[in-house]
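Undergrad: One structure is given below, represented as structure tokens, and several questions about it will come after.
The values are calculated or read from the model by the stated rules, or taken from the named source; none is laboratory data. Because the structure is a prediction, the values reported are computed rather than measured. Virtual Cβ from ideal backbone geometry, glycine too; neighbours counted across all protein chains shown.
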Amino acid sequence: METLTVEAVVLKTDDFGDANRVVTLFTREYGKVEANAYGCRRTRSPLSGALQMFNHISAELTRGAKVDTIREADIIHFYDALTNDLERLAYASLLFEIVNRMTLPRQSERETFDLLTKALPVLGKRNPKIAALIGACQFMETSGVQLNFSRCVHCGAELDGDAAISLLDGGAVCMNCIDAAQDCRPYPTALRRTFETMLGFDWRDDTRLSFNSRQLDAAENFFLEYVHSVLGGGLKSVQFIRAIEGLTG
Ligand SMILES: [Zn+2]
């Protein structure tokens with residue numbers, strides 16, 4: 001049987017049977033990989049601590065005819081801040097759910113692996129809503145399905161000042177092209193700057209990011225509507241986020 005050694009983040013877990021778990025890993029080497037971990041929910045299983053969502057791990061898998069199996073897993077980094085804080089947990093789940101839904105198994109995507117490993121510590125210590133939105137925006141950019149936030153999708157002109165934006169047309173629309181565009185909505189300069197800042201964000205930079213909260217909400221609502229339209233269905237983590245907002249006021 002072929003054995004694979006991988007470095008990965010745990011993207012998703014689903015329990016099955018008495019003590020088993022299907023674990024979706026995003027690996028550095030092979031992209032997204034799904035594998036079964038038998039007995040891992042038993043407290044004495046050597047796999048039990050490592051195979052939790054958001055963990056950065058190294059693992060050994062064996063390839064099977066139908067499913068792969070995780071034989072060994074060791075924690076490289078565990079982000080306890082994400083499991084102890086509901087808001088951080090919800091926003092980290094949002095980024096992970098988008099990556100999971102938008103990727104196909106076994107397509108190596110080193111940029112996505114690097115993005116997840118850089119975003120995890122930031123989600124654990126800074127504003128999680130901002131960190132998750134930056135992560136999701138940058139991920140959509142590397143996936144090649146991003147909206148064009150800076151140039152008019154019709155004439156290519158660089159935007160200067162308020163404009164419009166269209167999900168159907170794939171991004172910003174300048175005032176000269178507005179009659180040719182479908183389903184336009186306002187795209188104020190402040191919203192464009194928010195997206196440009198997010199796309200250009202360097203995860204190693206420790207300077208505090210501050211966005212006006214109304215602007216941030218506008219960016220979040222708009223971006224999530226776009227992600228929904230791409231995925232053709234709802235995101236569970238968004239329901240989770242809204243439920244927490246309802247609790248905290
Ligand atoms: Zn134009």
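Undergrad: So how many residues does the range 93-127 have that are part of a loop (DSSP other than H, G, I, E, B), of a type in the set (Ser, Thr, Tyr) and in contact with a helix residue (DSSP H, G or I) (Cβ under 8 Å, 6 or more places away or on another chain)?
TA: Initial filter on the range 93-127 (part of a loop (DSSP other than H, G, I, E, B)): 103-104, 106-109, 126-127.
Next, only the ones that are of a type in the set (Ser, Thr, Tyr) stay: 103, 108.
Applying the additional criterion that residues be in contact with a helix residue (DSSP H, G or I) (Cβ under 8 Å, 6 or more places away or on another chain) yields 103.
Total satisfying the criteria: 1.
Undergrad: Got at least one residue in the range 30-48 being outside the structural domain of VAL122 (by TED's automatic domain parsing), within 30 Å of LYS125 (Cα to Cα) and surrounded by fewer than 15 Cβ atoms within 10 Å (Cβ to Cβ)?
TA: yes
Undergrad: Right, something else. Need the failing condition index for LEU216 against (1) surrounded by 15 or more Cβ atoms within 10 Å (Cβ to Cβ); (2) at pLDDT below 90, just the number.
TA: The number of the failed condition is (2).
Undergrad: Considering only residues that are touching a helix residue (DSSP H, G or I) at 6+ places or on another chain (Cβ under 6 Å) and hydroxyl-bearing (Ser, Thr, Tyr), which ones fall in the range 190-246?
TA: THR194, SER237
Undergrad: Condition first: under 25 Å from the mean Cα position of the chain (by Cα) and among the β-branched types (Val, Ile, Thr). Now tell me which residues in the range 1-51 satisfy that.
TA: Once the filter is applied, which keeps residues that are under 25 Å from the mean Cα position of the chain (by Cα) and among the β-branched types (Val, Ile, Thr), the range 1-51 yields THR5, VAL6, VAL9, VAL10, THR13, VAL22, VAL23, THR24, THR27, VAL33.
Undergrad: When you look at ILE98, is it buried (at least 20 other Cβ atoms within 10 Å of the Cβ), under 29 Å from ALA243 (Cβ atoms), within 16 Å of the ligand (Cβ to nearest atom) and not hydroxyl-bearing (Ser, Thr, Tyr), yes or no?
TA: On the way: buried (at least 20 other Cβ atoms within 10 Å of the Cβ): yes; under 29 Å from ALA243 (Cβ atoms): yes; within 16 Å of the ligand (Cβ to nearest atom): no; not hydroxyl-bearing (Ser, Thr, Tyr): yes.
Criteria not met by ILE98.
Undergrad: Determine the pairs where a residue that is assigned by TED's automatic domain parsing to the domain that holds GLY171, located within the range 136-153, has a partner that is in a helix (DSSP H, G or I) and within 16 Å of the ligand (Cβ to nearest atom) with Cβ atoms under 9 Å apart, the partner being 6 or more residues away or on another chain.
TA: PHE149/ARG192; SER150/ARG192
Undergrad: Further question on the same structure: Can you tell me which residue is surrounded by the most Cβ atoms within 10 Å (Cβ to Cβ) among those in the range 219-249 that are under 19 Å from the mean Cα position of the chain (by Cα) and without any contact (Cβ under 8 Å) to a residue 12 or more places away in the chain?
TA: HIS228
Undergrad: Would you confirm, using the coordinates I've provided, whether GLU72 is of a type in the set (Asp, Glu) and either over 17 Å from the mean Cα position of the chain (by Cα) or not assigned by TED's automatic domain parsing to the domain that holds TRP203 (or both)?
TA: On the way: of a type in the set (Asp, Glu): yes; either over 17 Å from the mean Cα position of the chain (by Cα) or not assigned by TED's automatic domain parsing to the domain that holds TRP203 (or both): yes.
Spelling it out, GLU72 is indeed of a type in the set (Asp, Glu) and either over 17 Å from the mean Cα position of the chain (by Cα) or not assigned by TED's automatic domain parsing to the domain that holds TRP203 (or both).
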